[in-house]
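J.: This structure is in structure tokens; I'll ask about it shortly.
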Amino acid sequence: MKDISHGLEEFLNYVAGTTSNDSFVKKLEAALTEAKKNRKWRQEYMTLLLRDQENLEKGRKQGIKIGAVYGWILAYKDDNLPDEVIVKKLQNRFHFSEDEAWKYLEETPLYETIDL
């Protein structure tokens, strides 16, 4: 931190949790205190936070489903089933349309590309 300005150093220290007498940091701290008092902003923040948490949960569930689909496809491939049979099995197991089943089959990563 030797090659940065004193003001930037004070700001970074403030962000890290230390107090500062720097004028910019004092103005920033006052603005943050006012923002925390604003009910509308707090409500918007909480609304956005809840939406983000809901979206993360949806994404997690979708990821689990996609992982299950890929797992079944790889198992079917291990059994040397023809692609047409795999598509039918995916349609039955996951209630996919034929197009959806083919899409998943074509997009299934190879063993070597799966990062665990």
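J.: Please calculate how many Å² of accessible area the chain carries per residue, with a 1.4 Å probe and no DNA, RNA or ligand atoms counted.
T.: On the way: 9480 Å² over 116 residues.
Normalised by residue count, the accessible surface of the chain is 82 Å².
J.: Another one. For the pairs LYS61/LYS89; LYS58/LYS89; LYS58/LYS88; LYS27/LYS61; LYS36/LYS58; LYS26/LYS58, note any where the Cα-Cα span goes beyond 32 Å. Working shown, then result.
T.: On the way: LYS61/LYS89 22 Å; LYS58/LYS89 25 Å; LYS58/LYS88 27 Å; LYS27/LYS61 43 Å; LYS36/LYS58 30 Å; LYS26/LYS58 41 Å.
Correct reply: LYS27/LYS61; LYS26/LYS58.
J.: If you don't mind, another one. Obtain the nm distance between the two label points defined at GLU44 and ALA16 by a simple spin-label model: each point lies 7 Å from its Cα along the Cα-to-C-beta direction.
T.: For GLU44 paired with ALA16, the spin-label model returns 3.2 nm.
J.: At a probe radius of 1.4 Å, what is the per-residue accessible area of ARG93, in Å² to the nearest 10?
T.: Accessible area of ARG93: about 110 Å².
J.: Can you give the FRET efficiency to the nearest 0.05 for ASN55 and LEU110, using r as the Cβ-Cβ distance and R₀ = 41 Å?
T.: Calculated transfer efficiency: 0.90.
J.: With semi-axes √(5λ) of the Cα gyration tensor in Å in mind, check (i) 25, 16, 12; (ii) 54, 21, 9; (iii) 28, 14, 12 and report the label derived from this structure.
T.: Derived directly from the coordinates: (ii).
J.: Compare SER5, SER20 by solvent-accessible area with a 1.4 Å probe and give them largest first, with all protein chains kept in place.
T.: Working: SER5 70, SER20 5 Å².
My answer, sorted largest first, is SER5, SER20.
J.: Separate question: Roughly to the nearest percent, how much of the accessible area of the chain is carbon and sulfur, given a 1.4 Å probe? Mind showing how you got there, number by number?
T.: Working: 5240 of 9480 Å².
About 55 percent, which is the carbon plus sulfur part of the accessible surface.
J.: Modelling each spin label as a point 7 Å along the Cα-to-Cβ direction, I'd like the ALA75/GLU29 distance in nm, to one decimal.
T.: Taking the two extended label points, one gets 5.9 nm.
The values are calculated or read from the model by the stated rules, or taken from the named source; none is laboratory data. Everything numeric here is computed off the predicted structure, so don't read it as measured data. FYI the Cβ positions are ideal-geometry reconstructions off the backbone, even for glycines, and counts take in every protein chain you see. Note: accessible area is taken over every heavy atom of the protein model, side chains too, but ligands, DNA and RNA are not part of it. Shrake-Rupley method; radii C 1.70, N 1.55, O 1.52, S 1.80 Å.
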